[in-house]
2 protein chains.
Amino acid sequence: MDKPVNLTAALATFDEVYSPRIVTRMNDYDVRIAHTLGEHVWHVHSDTDEFFLVLDGQFDIALRDPDERTVILQAGDVFVVPKGIEHKPSSPGGSILMFEPSGTVTTGDRHEGDVPANVDSTTGHELG
Amino acid sequence: MDKPVNLTAALATFDEVYSPRIVTRMNDYDVRIAHTLGEHVWHVHSDTDEFFLVLDGQFDIALRDPDERTVILQAGDVFVVPKGIEHKPSSPGGSILMFEPSGTVTTGDRHEGDVPANVDSTTGHELG
């Protein structure tokens, strides 16, 4: 990466929701962006926290820590889901930026039930 | 951190430039924000890459990799300065988000000449 990447331009290169693109890497971490819409799946990352910044729209995260609650995130809001906490994102539409260790799977080390059709179980894709 | 933090609101809680506040932590990394204005100092982080996202305004990074060049970043642009690359930020005014290992010093492992009065040599401050 020897040039800046504009996040708005990068988001415009793909349409799929819950299918993160890796915009850049630093050390052994990925910086990923994704469009968000609809229900994700309950899942957990046992070994890593997960950082979210909402770029546009709204992004909600249901958490079991241990009582179930939902944090509502608007554009410009940041939130970290601690390792080991089960969570399920949902969104009426929006886009997010995430920091997480390279290799982290979008659906966690384990998830509850089937992965919905609108959720891509992936370690992230390269920007096209 | 059990509630979201809004970056615009967090930036409004302080005025100092080049004096990062830690908005949250994930694993052993900080997410920091800073106002930017004027010339920083040539410095290098020998052991870590450094991630920048421009939130507002403009932020430029002069790099010696090895020939000197300057990348110009506008709002929504991201860039990673690789470990070991000498760099000097400057800005006509703006704000940035940074992702770096906790304990990383703003002026690097070494810097060139005196630290300017408008640059805070710090590992980041807590949000007030």
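Worth a mention:
- Scan of segment B:113-128 for residues that are closer than 10 Å to B:ILE22 by Cα and among the acidic types (Asp, Glu), ordered by number: B:GLU126
- With a requirement of 2 or more residues that are modelled with pLDDT of 95 or more and open to solvent by 60 Å² or more (accessible area, probe 1.4 Å), the strands (runs of 3 or more DSSP E) lying completely within segment B:57-128 that satisfy it span B:68-74.
- Among the residues of this structure, B:PHE51 does not count as one that is without any contact (Cβ under 8 Å) to a residue 40 or more places away in the chain and under 10 Å from the mean Cα position of the chain (by Cα).
- The residues of segment A:25-43 that are crowded, with 20+ Cβ neighbours inside 10 Å and part of a strand (DSSP E or B), listed by number, are A:MET26, A:TYR29, A:ASP30, A:VAL31, A:ARG32, A:ILE33, A:ALA34, A:HIS35, A:THR36, A:HIS43.
- Selection within segment A:44-56 - surrounded by fewer than 18 Cβ atoms within 10 Å (Cβ to Cβ) and under 11 Å from A:SER95 (Cα atoms): A:ASP56
- Members of segment B:3-24 found to be within 14 Å of another protein chain (Cβ to nearest Cβ) and either in contact with a Phe, Trp or Tyr (Cβ under 9 Å, 6 or more places away or on another chain) or assigned to a strand (DSSP E or B) (or both), listed by number: B:LYS3, B:PRO4, B:VAL5, B:ASN6, B:ARG21, B:ILE22, B:VAL23, B:THR24
- Contacts under 7 angstrom Cβ, first residue in segment B:109-128 being within 16 Å of B:THR36 (Cα to Cα), partner among the basic types (Lys, Arg), 6 or more apart: B:GLY124/B:ARG21; B:GLY124/B:ARG32; B:HIS125/B:ARG21
- Pair list, Cβ < 9 Å and 6+ apart or interchain, from segment A:61-90 residues that are at the interface with another protein chain (Cβ under 8 Å from one of its Cβ atoms) and at positive phi to residues that are open to solvent by 20 Å² or more (accessible area, probe 1.4 Å) and modelled with pLDDT of 95 or more: A:GLY76/A:LEU55; A:GLY76/B:ASN6; A:GLY76/B:THR8; A:GLY76/B:ALA9; A:GLY76/B:LEU55
The values are calculated or read from the model by the stated rules, or taken from the named source; none is laboratory data. Please read all numbers here as calculations on a predicted model, not as lab measurements. Neighbour counts run over all protein chains shown; Cβ positions are idealised from the backbone, glycine included. Ligands, DNA and RNA are excluded from the accessible area calculation, which covers all protein heavy atoms including side chains. Shrake-Rupley method; radii C 1.70, N 1.55, O 1.52, S 1.80 Å.
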